[in-house]
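First the structure, in the form of structure tokens, and then the observations on it.
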Amino acid sequence: MRNVSQNYITQITTLPFLFPVNCYLITDGDSLTLIDAGLPMSAKKILWNIAMIGLPLRYIVLTHAHGDHIGALQAITKAHPDAQVMLSARELQLLKNPEPYAFEAQKPTKGSYPKAFPVKVTKTIGEGDMVGSLSVIETPGHTPGSISFFDNRTKAIIVGDLLQTKGGLAIAGDTRPLFPFPTMGTWDLETGIASTEKIMLHNPSILAVGHGQMIPEPMPLLEKVVTRAKNKLN
């Protein structure tokens, strides 16, 4: 496990060297928001960090519902039964009614969706909704229902697997040979490019991803990875 904290964000990483899987605790006034729930083995460290910060966990929000982002949900909700669990309506639709070809790209979904969601969803969220200080941005690409969270206080953005930094910054679907796994679970690269351009409109100060380290002042690098991904499509 590895922890990194800055600007209200605590990044908790499971298997940091082999297969880094990140989740994030956001300190928001007198409470905490957990973004993603990692692997089952992440639960102990997540709960330890919540206890060390010493604030109640109010929200558990999910960028998407792949297994490496929901693994510790049952353990965390058992320890914090008052926390509200949220994900996007499109992602919940996929979980309830799996379709072989999904939404506008009409391509098959990929990745480790559960056969049944492990906990009760309190609320679905979408574009423009607020979770404390976080704005919800719909950023499909890695999955049809992927969402990102923009901290209006600091301009940090947490994007799940829309992008990766492990193996080199890339839009999921643009394969990085040193860490190809996000591509293996990606629904549609072209949609991911559009979503990356969308988050760039917010001029984020910090980019936080599902796999890899956080990047400060990411805009010049984001411009490069968009160009790279478009060249791949062409």
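The values are calculated or read from the model by the stated rules, or taken from the named source; none is laboratory data. Just so it is clear, the model here is predicted, and its values are computed rather than measured. Glycine gets a Cβ as well: all are built from the backbone with ideal geometry, and neighbour counts include every protein chain shown. Note: areas computed on protein heavy atoms with side chains; ligands, DNA, RNA excluded. Shrake-Rupley method; radii C 1.70, N 1.55, O 1.52, S 1.80 Å.
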Determine the distance separating the Cα centre of the range 202-216 from the Cα centre of the range 1-59; give it in Å without decimals. 15
Taking a crude spin-label model, label points 7 Å out from Cα along the C-beta direction, the Lys120 to Met184 distance in nm is 3.6
Report the Cα-based extents of the range 2-233 along its three principal axes, largest first, to the nearest Å. 47, 39, 35
Mean Cα-pair separation over length for the chain, i.e. relative contact order, pairs under 8 Å, 6 or more apart, %: 14
Size of the dipole of the range 125-228 about the Cα centre, Lys and Arg at +1 and Asp and Glu at -1 on the beta carbon, nothing else charged, in debye to 20? 340
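About the Cα centre, and with charges only on the beta carbon of Lys, Arg (+1) and Asp, Glu (-1), how big is the dipole of the chain? Nearest 20 debye, please.
520
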When only alpha-carbon atoms are used, what values of Rg and Dmax, in angstrom, describe the range 1-102? 13.8, 44
Portion, in percent, of the accessible area of the chain that falls on carbon or sulfur, probe 1.4 Å: 56
Test of understanding: what is the full-extension gain from Asn152 to Asn234, defined as 0.36 nm times their sequence separation minus their Cα-Cα distance? 26.0 nm
Cβ-Cβ cut-off under 11 Å around Leu134, Lys and Arg +1, Asp and Glu -1: the net charge is -2
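Given the chain, what percent of its DSSP beta bridges are antiparallel, to the nearest 5?
70
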Stretchable slack from Tyr101 to Trp48, in nm (0.36 nm times residue separation minus alpha-carbon distance): 15.1 nm
How would you rank 70-78, 116-124, highest first, on the average number of other Cβ atoms within 10 Å across their residues? 70-78, 116-124
For His202, put the label point 7 Å out on the Cα→Cβ axis and report which residues of the range 160-175 keep their amide N under 15 Å from it. 160-163
I'd like the Karplus ³J(HN,Hα) series for the range 159-171: coefficients 6.51, -1.76, 1.60, θ = phi - 60°, whole numbers in Hz, and an x wherever there's a Gly or Pro. 10, x, 9, 4, 10, 10, 10, 5, x, x, 4, 7, 6
Can you give me the distance in nm between label points at Gln93 and Gln6, each placed 7 Å from the Cα along the Cα-to-Cβ direction? 3.7
Highest mean packing first, using Cβ neighbours within 10 angstrom, the peptides 82-95, 145-158 sort as 145-158, 82-95
